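The values are calculated or read from the model by the stated rules, or taken from the named source; none is laboratory data. Just so you know, these numbers come straight off a predicted model, no measurement behind them. Because the Cβ atoms are built from the backbone with ideal geometry, glycine has one as well, and the counts that use them run over all protein chains shown.
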2 protein chains.
Amino acid sequence: MINKIVMKAKFKIWLEEKGGVAFAEGRRMLLEAVDRLGSLNAAAKELGMSYRAAWGKIKATEKALGIKLLEVTTGGKGGGGATLTPEAKELVSKYKQYIDRMTFLVEGEYIRIFENFEIRISKSKTNSNTK
Amino acid sequence: MINKIVMKAKFKIWLEEKGGVAFAEGRRMLLEAVDRLGSLNAAAKELGMSYRAAWGKIKATEKALGIKLLEVTTGGKGGGGATLTPEAKELVSKYKQYIDRMTFLVEGEYIRIFENFEIRISKSKTNSNTK
DNA sequence: CATCGTTATGCCAATTTAGGCATAATGATT
DNA sequence: AATCATTATGCCTAAATTGGCATAACGATG
């Protein structure tokens, strides 16, 4: 019986500052949503997370990198809102570029290196079952 | 005050099979140690983990990929031991090659994309402190 | 000056993950 | 057949991470 392997490479890349996570994909999506919606609250809702969690992520990044990410206002019609600072916009933009590039490379290198491994393993009969 | 950013890119790559983690760096080190020491127990000790944990990782990978990783014997002088199957050796070898290549690329692309970003941010004065 | 939706933050609960204790089985060696 | 270091595995505990509840402050608008 041929036991086809459908192995796949996954990866996660993040930016660290002094050993702590400073920025990663989740935060990039969050900032991108804030930029589009004009509000952290709305962005959190769209991503299915609580405002509390979203705010905490933003704060953690601001503290780690020492830069301000959001320009906020409170009060007024609509209660207020948030927009990205220029630094935040650039961080999001560069991180996106970085992730896209790495996604391409991770996939390409995986295929190059593991290609014939999978084929060979799939054809050998193995005592696969756990018990 | 110049607030120098020493941001760094970190990454983790793993192989998935049907959504579950099948292989990653920790397991590669474990198998590498088994290959060198001839025993899963000794390998676990060297890596500072319990035999229970090490055994669990191996089993999880064997189940996920449907291949046997260790050829084991019990009893006799020394109590027994474990050696890598040819498939395990190849998996370790290819994964190592993959990781080394990606480490190189992650670093290189990071520098290429973020280089001047850090410089600019570092020079602007920021209200860095959390409070 | 009351309203309303947003930002801001402490605090506790819950879920997930990892670790390790305990115990059985193995089998060549003596 | 007693020994001994290893493999094998169930089960419970601890730790770390995440999520969300509750509540305060804000301030332009009407």
Next item on the list: State whether the residues of region B:6-26 include one that is away from every other protein chain (no Cβ under 14 Å) and surrounded by fewer than 17 Cβ atoms within 10 Å (Cβ to Cβ).
Entry: yes
Next item on the list: Considering only region B:61-96, state which residues are in a strand (DSSP E or B) and either among the polar types (S, T, N, Q) or buried (at least 16 other Cβ atoms within 10 Å of the Cβ) (or both).
Entry: B:LEU70, B:THR73, B:THR74, B:GLY81, B:ALA82, B:THR83, B:LEU84
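Only one residue in B:GLY78, B:GLY66, B:GLY56 is within 15 Å of DNA strand D (Cβ to nearest atom) and over 17 Å from the mean Cα position of the chain (by Cα). Which one?
Details: B:GLY66 fails: within 15 Å of DNA strand D (Cβ to nearest atom); B:GLY56 fails: over 17 Å from the mean Cα position of the chain (by Cα).
Only one candidate passes the filter, namely B:GLY78.
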Check: Taking the condition exposed (fewer than 15 other Cβ atoms within 10 Å of the Cβ) and modelled with pLDDT of 95 or more, does B:ILE99 pass?
Finding: no
Check: A:ILE58 passes all but one of (1) more than 10 Å from every other protein chain (Cβ to nearest Cβ); (2) without any contact (Cβ under 8 Å) to a residue 24 or more places away in the chain; which number fails?
Finding: (2)
Note to self: Quick check on B:ARG52: is it within 15 Å of DNA strand C (Cβ to nearest atom), basic (Lys, Arg), more than 14 Å from every other protein chain (Cβ to nearest Cβ) and at negative phi?
What the structure shows: yes
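Taking B:ILE58, is it surrounded by 15 or more Cβ atoms within 10 Å (Cβ to Cβ), out of contact with any strand residue (DSSP E or B) (no Cβ under 7 Å at 6 or more places or on another chain) and either assigned to a strand (DSSP E or B) or β-branched (Val, Ile, Thr) (or both)? Spell out how you get there, then give the answer.
Working: surrounded by 15 or more Cβ atoms within 10 Å (Cβ to Cβ): yes; out of contact with any strand residue (DSSP E or B) (no Cβ under 7 Å at 6 or more places or on another chain): no; either assigned to a strand (DSSP E or B) or β-branched (Val, Ile, Thr) (or both): yes.
Considered against the rule, which asks whether it is surrounded by 15 or more Cβ atoms within 10 Å (Cβ to Cβ), out of contact with any strand residue (DSSP E or B) (no Cβ under 7 Å at 6 or more places or on another chain) and either assigned to a strand (DSSP E or B) or β-branched (Val, Ile, Thr) (or both), B:ILE58 comes out as no.
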Next item on the list: Scan region B:110-127 for residues that are modelled with pLDDT under 80 and under 13 Å from A:LEU65 (Cβ atoms) and jot them down.
Entry: B:SER122, B:SER124, B:THR126, B:ASN127
Margin query: If the requirement is being touching a residue at least 12 places away in the same chain (Cβ under 8 Å), away from DNA strand D (no atom under 13 Å from the Cβ) and not charged (D, E, K, R), which of these qualifies: A:LEU47, A:LEU105, A:LEU40, A:LEU31?
Written below: A:LEU31
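Return yes when B:ALA33 is more than 10 Å from chain A (Cβ to nearest Cβ) and either surrounded by fewer than 16 Cβ atoms within 10 Å (Cβ to Cβ) or under 25 Å from B:GLU17 (Cα atoms) (or both) and no when it is not. Show your work before the answer.
Numbers: more than 10 Å from chain A (Cβ to nearest Cβ): yes; either surrounded by fewer than 16 Cβ atoms within 10 Å (Cβ to Cβ) or under 25 Å from B:GLU17 (Cα atoms) (or both): yes.
In short, yes.
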Margin query: Being within 16 Å of DNA strand C (Cβ to nearest atom), touching an Asp or Glu at 6+ places or on another chain (Cβ under 6 Å), over 15 Å from B:MET29 (Cβ atoms) and modelled with pLDDT of 90 or more: is that true of B:THR83 here?
Written below: yes
